[in-house]
Amino acid sequence: MKQNKILLSSSNFDLDLVFQDFNSLYSYKEKFEHKLETELKEDVKVVALNSGTSAIHLALKMLNVTKDDEVICQSFTYVATAFPILYQLAKPIFIDSEKDTWNMCPIFLKKAIEDRISKGKKPKAIIVVHLYGMPAKMDEIILIGKKYNIPILEDAAEALGSKFKGLKCGTFGDYGVISFNENKIITTSSGGALICRSDEDKKRIIFLSTQAKDDTPFYNHSEIGFNYRISNILAMLGVEQMNSLEDNITYRRKNNEFYENIFTPIKGVKLLKEPNSQYYSNHWLTCIIIDSNIAGFSNEDLRLELLKENIESRHLWKPMHIQPVFIDSDYYGDHYSEELFKKGLCLPSGSNLTQNDRNRIEEVIHKLRII
Ligand SMILES: *Cc1c(COP(=O)(O)O)cnc(C)c1O
């Protein structure tokens with residue numbers, strides 16, 4: 001009879017006590033990846049990683065972005081979209097937003113590419129974001145990418161389950177990124193995924209995310225790797241969380257309807273809405289912009305009034321091109337994202353918002369209108 005396996009360095013912290021059968025944990029990363037592949041589309045491949053930021057970094061590695069390369073990036077986003085460009089010692093070129101989806105403006109994208117080419121350098125990649133779950137104008141952006149032969153990386157960190165023309169966000173570009181960070185639509189407390197299009201790509205992403213160990217019986221390394229893989233314990237949470245995705249989208253879309261009903265009669269307040277039926281947002285966060293001259297209150301007034309009642313809200317992302325850390329970067333746009341930042345607010349949008357929570361929120365807004 002074969003005896004128990006003696007491991008190289010097993011821990012005296014007995015995980016078997018915590019998880020009935022610790023050995024069964026080993027396959028959760030693959031199970032999670034399989035669930036994501038099924039959810040997104042039959043023919044994409046997914047690698048689960050330890051964060052969305054790691055996924056963006058690895059995508060840039062896969063696209064061979066290196067020192068002094070230029071990478072086009074949506075300016076109106078969370079900083080995690082743009083930092084990995086700096087990790088590769090490349091140069092971000094920021095593009096402003098259009099008014100329909102608040103995402104990358106295709107007109108400024110085209111202008112930027114043509115200008116960079118005329119200056120002698122073709123951008124190496126385009127990073128487009130589906131911010132707050134709202135799909136970007138993918139038809140135009142894909143066409144521009146094709147025309148100039150520049151690969152597209154989709155930051156769908158906030159947009160799991162969102163669709164454009166029936167296709168899932170994250171599956172349009174050469175690579176796509178999802179985040180399972182604590183406040184995303186499903187969460188593994190921290191985690192992410194990189195979506196790619198072939199088995200070879202998937203193999204290479206796994207190789208890079210596990211310290212680039214060559215296929216030898218000893219530890220041999222011919223290139224630089226990263227420790228970016230997801231823990232099987234977190235992947236187990238992910239498998240479980242995938243069962244709630246559909247419900248969470250339903251709840252968040254209901255939140256959006258709730259706010260639409262509140263704000264429609266209030267002049268000077270505009271909700272971020274799907275421009276037409278081609279767009280399907282998971283409405284991760286419901287966002288508004290407030291023209292204080294018309295509404296009689298500002299985004300900061302509303303934030304503070306909500307806070308008094310112990311209700312959290314948050315300013316919209318501050319665009320990258322006006323962030324101190326990126327202040328020397330080139331930028332193409334008409335400053336619309338700065339207006340969004342100045343006037344905007346993200347409202348409580350959790351998947352577990354109760355009727356009582358909604359009543360409390362509604363009361364605060366009602367009170368502000370009267371003042
Ligand atoms: C959350 C987020 C990320 C990064 O994901 P992490 O898992 O937190 O690293 C990237 N881009 C956007 C737009 C995000 O909101």
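The values are calculated or read from the model by the stated rules, or taken from the named source; none is laboratory data. No experiment lies behind these values; they were computed from the predicted model shown. Positions of Cβ are generated from backbone atoms using ideal geometry, with glycine treated the same way; all protein chains shown enter the neighbour counts. Accessible surface areas use protein heavy atoms only, side chains included; no ligands, DNA or RNA. Shrake-Rupley method; radii C 1.70, N 1.55, O 1.52, S 1.80 Å.
Quick look at the values:
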{"read-out": "Residue count for region 151-184, restricted to those that are open to solvent by less than 10 Å² (accessible area, probe 1.4 Å), more than 9 Å from the ligand (Cβ to nearest atom) and part of a loop (DSSP other than H, G, I, E, B)", "value": "7"}
{"read-out": "Options ARG253, ARG197: the member that is of a type in the set (D, E, K, R) and in contact (Cβ under 8 Å) with a residue 60 or more places away in the chain", "value": "ARG197"}
{"read-out": "Matching residues in region 284-303 - criterion: being open to solvent by less than 10 Å² (accessible area, probe 1.4 Å), in contact (Cβ under 8 Å) with a residue 60 or more places away in the chain and under 27 Å from the mean Cα position of the chain (by Cα)", "value": "TRP284, THR286, CYS287, LEU302"}
{"read-out": "Close pairs from region 174-194: first free of Cβ contacts under 8 Å to residues at least 12 places away in the same chain, partner of a type in the set (Phe, Trp, Tyr) and more than 7 Å from the ligand (Cβ to nearest atom), Cβ under 8 Å, at least 6 apart", "value": "none"}
{"read-out": "Region 206-242, residues that are of a type in the set (D, E, K, R), open to solvent by 90 Å² or more (accessible area, probe 1.4 Å) and not in a helix (DSSP H, G or I)", "value": "ASP215, ARG229"}
{"read-out": "All positions within region 67-87 that are farther than 17 Å from TYR175 by Cα and away from the ligand (no atom under 15 Å from the Cβ)", "value": "LYS67, ASP68, ASP69, GLU70"}
{"read-out": "Residue in region 310-319 that is in contact with a Pro (Cβ under 6 Å, 6 or more places away or on another chain), open to solvent by less than 80 Å² (accessible area, probe 1.4 Å) and touching a residue at least 60 places away in the same chain (Cβ under 8 Å) present", "value": "no"}
{"read-out": "Condition met for ILE93 (away from the ligand (no atom under 11 Å from the Cβ), touching a strand residue (DSSP E or B) at 6+ places or on another chain (Cβ under 8 Å) and of a type in the set (Val, Ile, Thr))", "value": "yes"}
{"read-out": "Complete set of residues in region 185-205 that are more than 19 Å from ILE127 (Cβ to Cβ) and open to solvent by less than 60 Å² (accessible area, probe 1.4 Å)", "value": "ILE185, ILE186, THR187, THR188, SER189, SER190, GLY191, SER198, LYS202"}
{"read-out": "Qualifying residue in region 59-66 (condition: touching a residue at least 12 places away in the same chain (Cβ under 8 Å) and either more than 27 Å from GLU200 (Cα to Cα) or touching a Ser or Thr at 6+ places or on another chain (Cβ under 8 Å) (or both))", "value": "no"}
{"read-out": "Residue in region 113-125 that is within 16 Å of the ligand (Cβ to nearest atom) and at pLDDT 95 or above present", "value": "yes"}
{"read-out": "Pairs where the first residue, in region 106-132, is farther than 17 Å from ALA157 by Cβ and the second is of a type in the set (Ser, Thr, Tyr), C-beta under 6 Å, 6+ apart", "value": "PHE108/TYR332; LYS111/TYR332; ALA112/TYR332; ILE113/TYR148"}
{"read-out": "Scope region 353-366; condition in a helix (DSSP H, G or I) and either within 26 Å of ALA80 (Cα to Cα) or open to solvent by less than 80 Å² (accessible area, probe 1.4 Å) (or both); matching residues", "value": "ASP357, ARG358, ASN359, ILE361, VAL364, ILE365"}
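To keep it simple, each residue is scored yes or no on (1) closer than 23 Å to ASN256 by Cβ; (2) under 17 Å from the mean Cα position of the chain (by Cα); (3) not polar (S, T, N, Q).
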| residue | (1), (2), (3) |
| --- | --- |
| LEU86 | no, no, yes |
| ALA90 | no, no, yes |
| THR101 | yes, yes, no |
| ILE107 | no, no, yes |
| ILE113 | no, no, yes |
| MET134 | yes, yes, yes |
| LEU153 | no, yes, yes |
| LYS163 | yes, yes, yes |
| LEU167 | yes, yes, yes |
